[in-house]
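This report concerns only the one structure given below.
The values are calculated or read from the model by the stated rules, or taken from the named source; none is laboratory data. Given the structure is predicted, the values throughout are model-derived calculations rather than measurements. Cβ atoms come from the backbone with ideal geometry, glycine included; neighbour counts cover every protein chain shown.
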């Protein structure tokens, strides 16, 4: 694909990723509410239609994330192929982790709605519910960590290659590094509370304008990049 095509594909994927992600949060709100495994199973059963919609949205997120990874690689590989490849792998892992979460969600839905599951012993079901919920959260966080690493590398290549405005590229590097530091701390329990949500705000401030920029402006042409860097070109 051409650089223009990759830029438009990446821009559209950025915006779709954000919109669908917000949709997931809205649709899944309250689906696992309640104290204790029994209350959570009741909540899951009551929200079964919303959970099924959320599963479909998660599949869209997976495909969008993988598409975005390939498009960003296509835009940045000329700057440093090895770094771009590492970023591609990180973003592909990010795109694949929701699949594992889908399995956990389907298992929870089965436990909450299946007549076969209703016949199981409570002492067996309740620990399994807690385990699946914990695993789903941990898997999502691991995917976010790989996202932050891939985002850092791609943002650095955008900055190094003068592909987008420098201020926007610097914001991307800073926002991504904040997550690179913060998310592992959250994973091991050293970062908790509202701060775990606040650290995502700079990333939102980066990705929304970046998506719009790539969709409407694209990236700098190779001759413009070399001129700005003070190099001869032909």
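See the values below:
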{"read-out": "Yes/no for residue 27 being under 13 Å from the mean Cα position of the chain (by Cα) and at pLDDT below 95", "value": "no"}
{"read-out": "Qualifying position, being in a loop (DSSP other than H, G, I, E, B), more than 15 Å from the chain's Cα centre (by Cα), farther than 29 Å from residue 73 by Cβ and modelled with pLDDT under 90, among 120, 191, 111", "value": "120"}
{"read-out": "Candidates 143, 150, 161, filtered to the one that is in contact (Cβ under 8 Å) with a residue 60 or more places away in the chain, surrounded by 18 or more Cβ atoms within 10 Å (Cβ to Cβ) and either in contact with a strand residue (DSSP E or B) (Cβ under 6 Å, 6 or more places away or on another chain) or under 14 Å from residue 90 (Cα atoms) (or both)", "value": "150"}
{"read-out": "Enumeration of residues in the range 107-127 that are in contact with a helix residue (DSSP H, G or I) (Cβ under 7 Å, 6 or more places away or on another chain) and within 24 Å of residue 53 (Cβ to Cβ)", "value": "107, 108, 109, 110, 111, 112, 113, 117"}
{"read-out": "Any hit, the range 46-60, residues being surrounded by fewer than 18 Cβ atoms within 10 Å (Cβ to Cβ), in contact with a helix residue (DSSP H, G or I) (Cβ under 9 Å, 6 or more places away or on another chain) and at positive phi", "value": "no"}
{"read-out": "In the range 17-44, the residues that are surrounded by 18 or more Cβ atoms within 10 Å (Cβ to Cβ) and in a loop (DSSP other than H, G, I, E, B)", "value": "31, 32"}
